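A short write-up of the structure that comes next.
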Amino acid sequence: MLPIKMYSHLINISQYLYKCHKCLFLLIFLVCLGFIDGTCAIAENLNNSSGDIIKQPPAEITVSLGTAAGELKFEPNFLEFQSGKWYKLVLTNPSPVKHYFTSKDFADAIWTQKVEAGNVEIKGMIHELELKPGAEAEWVFVPLKTGKYNLRCTIPGHSEAGMKGEIIIKS
Ligand SMILES: [Cu+2]
């Protein structure tokens, strides 16, 4: 990360400082400055790369957990994402009972930026979301690993009654 010019500059300084033991700490200080500079450059690169994805608004997909009539199903029950794209998955529960959006392997195959529900924003790994009747949550993420993943509601009897689906991440 350090420009070569800066390294040779540091070597020149070190040769000079070698004669002066008392100034050794100054050399260490300068080397440390170099490391800080290198770390900053990496952070800047990361910001730039994620910035490229986040420049566009996320593609929005809404999934209903159950229906207002009380049917036990996801609507739609088939979701397709493209790896490397930015998505906002809006989950709603219009039904009279609570439901889960559970797809552990899918959750492991994406990078979650945040989950927003009410006035709360949750950052970090998310594996499962529980939505109470009338609740809404937004899951913002970037799919990373292609594959086919199972989706289900983990409340006893719900997936058996049809509350399951499939998620695909394609390249
Ligand atoms: Cu359910």
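The values are calculated or read from the model by the stated rules, or taken from the named source; none is laboratory data. Keep in mind the model is a prediction, meaning the values are calculated, not measured. Counting neighbours? That spans all protein chains shown, and the Cβs are built from the backbone with ideal geometry, glycine included.
If a residue has to be of a type outside the set (Asp, Glu), touching a residue at least 40 places away in the same chain (Cβ under 8 Å) and away from the ligand (no atom under 16 Å from the Cβ) to count, how many in the range 122-164 make the cut?
10
From the list Ile53, Ile13, Ile42, pick out the single residue that is in a helix (DSSP H, G or I), exposed (fewer than 14 other Cβ atoms within 10 Å of the Cβ) and modelled with pLDDT under 95.
Ile42
Would the range 62-79 turn up any residue that is loosely packed, with under 13 Cβ neighbours inside 10 Å, under 17 Å from the mean Cα position of the chain (by Cα) and modelled with pLDDT of 95 or more?
no
Just the residues that are within 19 Å of Ser83 (Cα to Cα), among the small types (Gly, Ala, Ser) and modelled with pLDDT of 95 or more, please, taken from the range 95-127. Working first, answer last.
From the range 95-127, those within 19 Å of Ser83 (Cα to Cα) are 103-115, 124-127; that's our starting set.
Checking which are among the small types (Gly, Ala, Ser) leaves us with 103, 107, 109, 124.
Result: Ser103, Ala107, Ala109.
Restricting to the range 52-90, name every residue that is of a type outside the set (A, V, I, L, M), more than 16 Å from the ligand (Cβ to nearest atom) and without any contact (Cβ under 8 Å) to a residue 40 or more places away in the chain.
Across the range 52-90, the qualifying residues are Asp52, Lys55, Gln56, Pro57, Glu60, Thr62.
Among the residues of the range 95-115, how many are within 9 Å of the ligand (Cβ to nearest atom) and either over 13 Å from Glu136 (Cα atoms) or not in a strand (DSSP E or B) (or both)?
Qualifying residue count for the region: 3.
Taking Ile168 as the residue in question, decide whether it is β-branched (Val, Ile, Thr) and buried (at least 16 other Cβ atoms within 10 Å of the Cβ).
No, not satisfied.
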